[in-house]
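A single structure is presented below for examination.
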Amino acid sequence: MSDTEHVHDVVVIGAGPTGLACSIDLVRDGYDCVVLDKGCVVNSLFHFPPNMVYFTTPELLEIGDLPLVCQGEKPTRLEALKYYRKVTETYGLRVHQYERVTSVIRSRDVFEIATRLEATGEPRGYRSRRLIVATGYYDNPNLLGIPGEESAKVSHYYTESHAFFGREVMVIGAGNSGAEAALDLFRGGARVTLVHRRAEPSTGLKYWVAPDLMNRIKAGEIRASFETAVREIRTQSVVVEDLKTGDRREVPNDFVFALTGYHADSGFLESMGIRIDPETQKPALDPDSLESNVPGLYMAGVVIAGVDNNKVFIENGRFHGKQILKALRAALPPSGRPTPSPPARRS
């Protein structure tokens, strides 16, 4: 099945919170909009650890003027997943899940978008007058580039602790992901070693995580090596280097979680003609309209941040759709009727 006969007003690539927020702003204004994603709705959030609690309060994650209801002060991953499903249903967003975009070609004033169904490999296609790229960065981990990193015992994503009970587990990185993984593994009965290149954990740790981690380290319940780098991952050990002295030692090990961050897929962006700054990795775009150097191609969310991806979150990326909509109104009138907003939330 293909959709190449019809020309949509806008196709959004990426069904994360930012992509959904962009789509909501568009359909509210009457634009014919389709969202494509190689995974499920809010795919990155789905792959977060099951017991994760957000750092932010619920109102800062809300899109489409719908309240995010949660039991505690901070929403959990499960509550967020339920919320974004509800938002998608409420606005009737046309989200095509598990459909990977394989190429984008701009032909005159229309984007030709080729896709492939993840389950069957079946090719499909779409045509659109405008394109919004909101692909995030969570699918592309920052690799260490060391021997053994491709081993089956190494993962760049953390889920839960049960499978690692009684095992030697190394966590590389002491940002929020690494710190929370180390704590969860410790409480799940794993023997945890935390390795970090800097002299102390990230200054951006969640306020309830930082003291918990440091107390576990002081008590000797989590072994921590700061100013230390991993140099090789072996079958039953990991070789680490003290960055102050240059000394190397071998640490017994069964599993490794390399939680060293993620980056946008610059190759995919460049394949569409988007210029990427080699130093900052930021795409060329207008800061007001968020239109890239490719006419009619807009960008939203963390994909615009380059190496500064810790400065764009759901909390601010959810407003990018409004910037794009403002620019679209002047250049491309919507082809349909506006979608009514849900009832205003009561204070």
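With the structure loaded, tell me whether ARG116 is in a strand (DSSP E or B), under 15 Å from GLY19 (Cβ atoms), in contact (Cβ under 8 Å) with a residue 12 or more places away in the chain and touching a strand residue (DSSP E or B) at 6+ places or on another chain (Cβ under 7 Å) or whether it fails that test.
Answer is no for this residue.
Separate question: If you take the residues of region 233-253 that are of a type in the set (D, E, K, R) and surrounded by fewer than 17 Cβ atoms within 10 Å (Cβ to Cβ), which of them is nearest to the chain's Cα centre (by Cα)?
ARG234
So which residues in region 216-244 are under 22 Å from ARG167 (Cβ atoms), touching a strand residue (DSSP E or B) at 6+ places or on another chain (Cβ under 8 Å), aliphatic (A, V, I, L, M) and part of a loop (DSSP other than H, G, I, E, B)?
ILE222
Considering LEU213, LEU205, which residue is farther than 30 Å from ILE105 by Cα, outside any strand (DSSP E or B), modelled with pLDDT of 95 or more and not assigned by TED's automatic domain parsing to the domain that holds ILE304?
Every option except LEU213 fails the conditions.
Which residue out of SER44, SER23 is buried (at least 24 other Cβ atoms within 10 Å of the Cβ), in the same structural domain as ALA327 (by TED's automatic domain parsing) and assigned to a helix (DSSP H, G or I)?
SER23 is the lone residue from the list that is buried (at least 24 other Cβ atoms within 10 Å of the Cβ), in the same structural domain as ALA327 (by TED's automatic domain parsing) and assigned to a helix (DSSP H, G or I).
If we scan region 66-82, do we find a residue that is free of Cβ contacts under 8 Å to residues at least 24 places away in the same chain, out of contact with any helix residue (DSSP H, G or I) (no Cβ under 9 Å at 6 or more places or on another chain) and within 18 Å of ASP25 (Cα to Cα)?
no
Follow-up. What's the number of the condition LEU269 fails, among (1) in contact with a Phe, Trp or Tyr (Cβ under 7 Å, 6 or more places away or on another chain); (2) closer than 24 Å to TYR138 by Cβ; (3) not in a strand (DSSP E or B)?
With (1) in contact with a Phe, Trp or Tyr (Cβ under 7 Å, 6 or more places away or on another chain); (2) closer than 24 Å to TYR138 by Cβ; (3) not in a strand (DSSP E or B) applied to LEU269, the lone miss is (1).
Another one. Has region 141-160 got any residue that is over 24 Å from LEU259 (Cβ atoms), part of a strand (DSSP E or B) and of a type in the set (S, T, N, Q)?
no
Here's another thing I want to ask about it. Go through (1) at pLDDT below 95; (2) in contact with a Ser or Thr (Cβ under 6 Å, 6 or more places away or on another chain); (3) not assigned by TED's automatic domain parsing to the domain that holds VAL35 and name the single condition GLU250 misses.
Among (1) at pLDDT below 95; (2) in contact with a Ser or Thr (Cβ under 6 Å, 6 or more places away or on another chain); (3) not assigned by TED's automatic domain parsing to the domain that holds VAL35, GLU250 violates only (1).
Follow-up. Looking only at region 18-70, filter to residues that are among the small types (Gly, Ala, Ser) and more than 16 Å from the chain's Cα centre (by Cα); which one of those is farthest from THR115 (Cα to Cα)?
Looking at the filtered set, the residue picked out is GLY64.
Across region 58-89, what is the total count of residues that are among the acidic types (Asp, Glu) and either closer than 19 Å to GLY14 by Cβ or assigned to a loop (DSSP other than H, G, I, E, B) (or both)?
Adding up the residues that qualify gives 4.
From LEU194, LEU259, LEU213, LEU185, which residue is under 27 Å from TYR137 (Cα atoms), out of contact with any strand residue (DSSP E or B) (no Cβ under 7 Å at 6 or more places or on another chain) and either crowded, with 18+ Cβ neighbours inside 10 Å or of a type in the set (A, V, I, L, M, F, W, C) (or both)?
LEU213
Suppose the filter is of a type in the set (A, V, I, L, M) and within 25 Å of the chain's Cα centre (by Cα); does VAL110 pass it?
Against the criterion (of a type in the set (A, V, I, L, M) and within 25 Å of the chain's Cα centre (by Cα)), VAL110 does not qualify.
Would you mind finding the one in MET272, MET299 that is modelled with pLDDT of 90 or more, within 27 Å of THR115 (Cα to Cα), assigned by TED's automatic domain parsing to the domain that holds LEU45 and more than 18 Å from the chain's Cα centre (by Cα)?
MET272
List every residue pair whose Cβ atoms sit under 9 Å apart, with the two residues 6 or more apart in sequence or on different chains, where the first one lies in region 286-305 and is under 15 Å from LYS322 (Cβ atoms) and the second, anywhere, is among the basic types (Lys, Arg) and assigned to a strand (DSSP E or B).
TYR298/ARG130
The values are calculated or read from the model by the stated rules, or taken from the named source; none is laboratory data. The model shown is predicted, which means the values in this text are computed figures rather than measured ones. Methodologically, a virtual Cβ is constructed for each residue, glycine included, from the backbone with ideal geometry; neighbour enumeration extends over all protein chains shown.
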